[in-house]
Structure formats: structure tokens, C-alpha cells
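Computed from the coordinates by the stated procedures, all read-outs in this text should not be read as laboratory data. Being a predicted model, the structure only gives us computed values, none of them experimental. Backbone-built Cβ (ideal geometry, glycine too); neighbour counts: all protein chains shown.
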Amino acid sequence: MLRSFTIRTAKRDEMIDITSFVEETVRQANVTEGVAVVYCPHTTAGITINENADPDVKRDMMRRFDETYPWEHPLDRHMEGNTAAHMKASTVGASQHVIIHEGRLLLGRWQGVYFCEYDGPRQRTFYVKVIEG
């Protein structure tokens, strides 16, 4: 089963919890054992799995990414001016795989799946593919 989701990001940099979208897709697929692949087809956004209990984790991550990849750098040559967004997206990655066991995502107690926006606000798409096995 493959599902496509469209979300609207609100800020240039943000992490949006999409765990419920992935869980919903697994339920609809009626798969008890397998893998869910979450994929982002954008070059300035990504998918990660991280803590979803303390919102300070998201804020700290965004701050540290900004420190590592400042939005403006005198040597950047990319005409659009969003080299930092490309760097952040490459660091996070375009996809994540989550094991499905007994019909549920095998995430850790504090983990969630996040869509990471680095060049918003924009309308974005991500995909969830459930593979039985």
C-alpha cells in the first residue's frame, strides 16, 4: 500500500509530527508484520525519527542545525539562497524505515516520525509505503 499526504508548513524551519499519518496507513493496510517506509521527495525537507515527548528537543535540534548551517554564508553560490536548507535536508535524510510488528509501528517509547521543513513555509508532500513481510 502506498499513500500520499500533503501538509502545509508554517515556518522556514520546523519539525512536524507525522507519526499518526504513518500509523493510519499501517492500520489501513491491515499488515501485521512488515516495514513502513516514509519518504520525502523534496530537496529542502526530510524525514527523521526522534523524541516526541519533550518539545525542547525539536527546538534544540533546529537551533543546532542553524548554528551548523547558517542561512547566510559569504561563500554560498546557490542562486536561490537556500543552501542551508539543502544541507539540513541532506543531513537528516529523505526517508526512514519503521518495522511493523503485530500490526503496530515498532517505535521506542519516546520516538515519533517527523517531517522536517527547512525552506518553508510551503505545501509539501510525503509518502508512506507499507511492505508486508
**OP:** In a Gaussian network model over the chain where Cα atoms closer than 10 Å are linked, find which of V57, V22, V113 has the largest mean-square fluctuation.
**Re:** V57
Original post:
Using a basic spin-label model with each label point 7 Å from the Cα along Cα→Cβ, how many nm lie between S20 and T6?
Top reply: 2.0
**OP:** Could you let me know the centre-to-centre spacing of region 10-32 and region 63-133, using Cα atoms, in angstrom?
**Re:** 13
Subject >> Along each principal axis, Cα extent of region 2-132, largest first, Å >> reply: 51, 28, 21
Original post:
Say each of H97 and D66 gets a label point 7 Å from the Cα, pointing the same way as Cα to Cβ; how far apart are those two points in nm?
Top reply: 3.5
Subject >> Local net charge near D54, Cβ-Cβ under 13 Å (Lys/Arg +1, Asp/Glu -1) >> reply: -1
Original post:
Using unit Cβ charges (K, R positive; D, E negative) and no other charged atoms, how large, in debye to the nearest 20, is the dipole of region 41-86 about its Cα centre?
Top reply: 100
**OP:** Return the calculated 222 nm mean residue ellipticity for the chain, to the nearest 500 deg cm²/dmol, obtained by summing -39500 (n - 2.57) across DSSP H runs with n ≥ 4 and dividing by the residue count.
**Re:** -8000 deg cm²/dmol
Original post:
Just how large is the dipole of the chain about the Cα centre, in debye to the nearest 20, putting +1 at every Lys and Arg Cβ and -1 at every Asp and Glu Cβ?
Top reply: 260
Original post:
Stretch Q111-E51 to full length: gain in nm at 0.36 nm per residue minus the Cα-Cα span?
Top reply: 21.1 nm
Subject >> Cα gyration tensor category, rounded, prolate or oblate, for region 43-95 with a/c compared to 1.5 >> reply: oblate
Subject >> the chain, relative contact order [Cα under 8 Å, separation at least 6], % >> reply: 54
